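The structure appears right after this line, and notes come after that.
Just so it is clear, none of the values below were taken in a lab; they were calculated from the coordinates. Only a predicted model underlies this, so the values are computations on that prediction, with no experimental measurement involved. Using ideal geometry, Cβ is built from the backbone for each residue, glycine included, and neighbour counts are taken over all protein chains shown.
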Amino acid sequence: MSQNAPCSDDSLAPVTPILQPGPEYQTPARQFQGIPGIEITVGGRLWATWYAGGVNEGPENYVVLVTSADRGLTWSEPVLVVDPPGAHIRAYDPALWHDPLGRLWLFWSQCFSPKDGIISDGVNGVWGMHSADPESAAPRWSVPQRLAHGVMMNKPLLLSSGEWAYPTAVWNDLIVPSPACVREHCRSNLTVSTDQGRTYERRGGADVPQRCFDEHHIVELGDGRLWCLVRTNYGIGQSFSSDRGRTWTPGLDSGLGGPNARFFIRRLQSGRLLLVNHRVDPETRAVRCKLAAWLSDDDGASWFGGLMLDERPGVSYPDGVQDREGTIWVIYDRERYSSGDILFARFREEDVVAGRCVSGVAALRGLINRSAGVRPGAARA
């Protein structure tokens, strides 16, 4: 790792993943859960991750990894858990990525959390490990390494330069006060690896007004600019870089709307951009509902289609991937405290264009896991 952490804290130590999770990590034992990610291998094996543990965001949080070998018909119990030792170190905000070398990466963040509802002491770190045999139901994993300060819950991006770009963030001081050792990194950052994931360097970062937990995506546009889209209090903000992420334009409203929540954007095999976000109506402006998908043929200048994935309240935090046949898989959560649903939608571009399922392969509201939520009488901050 080229960027060493300057702060001394147990949360900066690598974690040994649990490869045979016990009953304490199985569905009947889990309560609060959400914030998922998804990937698919060349051979079609699906992987999904999210975090759970405790009854809230806090020190008991851990990351789980599950898999499906039958295109989402059935899903395993956790085959791997990242649960840092100690009473106050949490693992959270995981992400999955299938890199250009064919390896499956699992990323997560970890930090010190003194109690439920106090999510971080500000010294967050992004960690990652990879497997060269992701077609296996029980892959072998590399030793975890710390990539950057902060958090990263969205997939890295392969740039046209061959560099691997990671959307890492150190949260706004108004959200979680940052100690002096990481305050200079307090941005929606671009962390880059020029050697295929061996070393990492923060190149620069956008500072979008009213950003909230960042959860940003980096998109490479046809003219070579990088487009940074960031979660904000009003929806989605944006900033642009013309020098491969070293400097960024002043942040502005993107006009894409949505509540203050995570969204998903990715370039598809066709060259189009896919956006998954909450549809904004006057009565639902601040509500996490009506999760839908749109397409763009002009690098995000305009959007068309509009496939409703799930209109119910409490749906949020989409992540997605496109398989080699062109099918799009989107994972999201619903009612983290009362249902604990982890769900997926499967569709193709023609479904988005039509605004309804016409492809013959589309399926909505597929269930990956349901924890049944926080149990009556459980403590909750």
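Laid out as a table, the results:
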item	result
Extreme residue, nearest to the chain's Cα centre (by Cα), among residues of segment 257-297 that are within 21 Å of Phe213 (Cα to Cα), assigned to a loop (DSSP other than H, G, I, E, B) and charged (D, E, K, R)	Arg262
Entirely in segment 176-256, the strands (runs of 3 or more DSSP E) that have 1 or more residues that are of a type in the set (Lys, Arg) and under 28 Å from Arg146 (Cβ atoms)	201-206, 226-232
Exclusive hit being among the polar types (S, T, N, Q) and over 28 Å from Glu57 (Cβ atoms), set Ser178, Ser113, Ser188, Ser160	Ser160
Pair list, Cβ under 8 Å, 6 or more apart: segment 208-227 residue closer than 19 Å to His185 by Cβ, other residue assigned to a strand (DSSP E or B) and among the charged types (D, E, K, R)	Arg211/Arg231; Cys212/Arg231; Phe213/Arg231; Asp214/Arg231; Glu215/Arg231; His216/Arg231; His217/Arg266; Leu226/Glu220
Residue among Pro100, Pro59 that is in a loop (DSSP other than H, G, I, E, B), surrounded by fewer than 17 Cβ atoms within 10 Å (Cβ to Cβ) and in contact with a strand residue (DSSP E or B) (Cβ under 6 Å, 6 or more places away or on another chain)	Pro100
Condition check for Val63: among the hydrophobic types (A, V, I, L, M, F, W, C), out of contact with any Cys (no Cβ under 7 Å at 6 or more places or on another chain), touching a residue at least 12 places away in the same chain (Cβ under 8 Å) and closer than 18 Å to Pro21 by Cβ	yes
Those residues of segment 37-56 which are in contact with a strand residue (DSSP E or B) (Cβ under 9 Å, 6 or more places away or on another chain) and under 22 Å from Pro100 (Cα atoms), in sequence order	Gly37, Ile38, Glu39, Ile40, Thr41, Val42, Arg45, Leu46, Trp47, Ala48, Thr49
Any hit, segment 104-112, residues being closer than 20 Å to Val151 by Cβ, surrounded by 24 or more Cβ atoms within 10 Å (Cβ to Cβ) and among the small types (Gly, Ala, Ser)	yes
Yes/no for Trp164 being among the aromatic types (Phe, Trp, Tyr), touching a Pro at 6+ places or on another chain (Cβ under 8 Å) and more than 22 Å from Val276 (Cβ to Cβ)	yes
Pick from segment 246-275, criterion surrounded by fewer than 16 Cβ atoms within 10 Å (Cβ to Cβ) and of a type in the set (Ser, Thr, Tyr), ranking: nearest to Leu291 (Cα to Cα)	Ser270
Residue in segment 311-334 that is surrounded by the most Cβ atoms within 10 Å (Cβ to Cβ), counting only those that are in contact with a strand residue (DSSP E or B) (Cβ under 8 Å, 6 or more places away or on another chain) and more than 15 Å from Arg262 (Cα to Cα)	Ile328
Output for segment 298-310, where each listed residue is in a strand (DSSP E or B) and surrounded by fewer than 19 Cβ atoms within 10 Å (Cβ to Cβ)	Phe304, Gly306, Met308
Scan of segment 150-162 for residues that are assigned to a loop (DSSP other than H, G, I, E, B) and surrounded by fewer than 19 Cβ atoms within 10 Å (Cβ to Cβ), ordered by number	Leu159, Ser160, Ser161, Gly162
Given (1) buried (at least 17 other Cβ atoms within 10 Å of the Cβ); (2) assigned to a loop (DSSP other than H, G, I, E, B); (3) of a type in the set (A, V, I, L, M), index of the condition Val361 fails	(1)
Flag for Tyr337 being surrounded by fewer than 18 Cβ atoms within 10 Å (Cβ to Cβ) and aromatic (Phe, Trp, Tyr)	yes
Filtered residue count, segment 179-194, keeping only those that are over 18 Å from Ile218 (Cβ atoms) and touching a strand residue (DSSP E or B) at 6+ places or on another chain (Cβ under 9 Å)	2
